[in-house]
Amino acid sequence: MNIVQIGCNDCNDHVYDYVKSNEQQISKFVVVDALPKCVKIAELKYSFLKDRVVTLNCAVGIKNEIVKF
């Protein structure tokens, strides 16, 4: 399964609980947050996923458009 989380804050939420309890079923987990410190927290907190976690420091734009990540 692939999961994308937009806005992770300190990763102390139900998404973390879900990912942790379903670790073996997760193929890729993408975490997106506008704050660099939150991205760093996510890198550490989800490090148990190894190369299956991708963290992105990105913010929402003012236009309604497709963004590649």
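The values are calculated or read from the model by the stated rules, or taken from the named source; none is laboratory data. All values derive from a computational prediction rather than experimental measurement. Every residue, glycine as well, gets a Cβ built from its backbone with ideal geometry; the counts of neighbours run over all protein chains shown. Areas reflect the complete protein model, heavy atoms only, side chains present, ligands, DNA and RNA absent. Shrake-Rupley method; radii C 1.70, N 1.55, O 1.52, S 1.80 Å.
Remarks
- Pairing each residue of the range 41-56 that is over 14 Å from VAL15 (Cβ atoms) with any residue that is in a loop (DSSP other than H, G, I, E, B) and modelled with pLDDT of 95 or more, provided the two are 6+ apart or on different chains, yields C-beta distances under 9 Å for ARG52/ILE26; ARG52/SER27; ARG52/TYR46.
- Matching residues, the range 33-54, being of a type outside the set (Phe, Trp, Tyr), surrounded by 19 or more Cβ atoms within 10 Å (Cβ to Cβ) and outside any helix (DSSP H, G or I): ASP33, VAL53
- Single unsatisfied condition, LYS68 versus (1) modelled with pLDDT of 95 or more; (2) surrounded by fewer than 10 Cβ atoms within 10 Å (Cβ to Cβ): (1)
- Contact annotation: residue pairs with Cβ atoms under 7 Å, 6 or more positions apart or on different chains, pairing a residue in the range 11-27 that is under 14 Å from GLU43 (Cα atoms) and at pLDDT below 95 with a partner that is open to solvent by less than 70 Å² (accessible area, probe 1.4 Å) and in a helix (DSSP H, G or I), are CYS11/ILE41; CYS11/ALA42; CYS11/LYS45.
- The residues of the range 1-32 that are aliphatic (A, V, I, L, M) and part of a strand (DSSP E or B), listed by number, are ILE3, VAL4, ILE6, VAL30, VAL31, VAL32.
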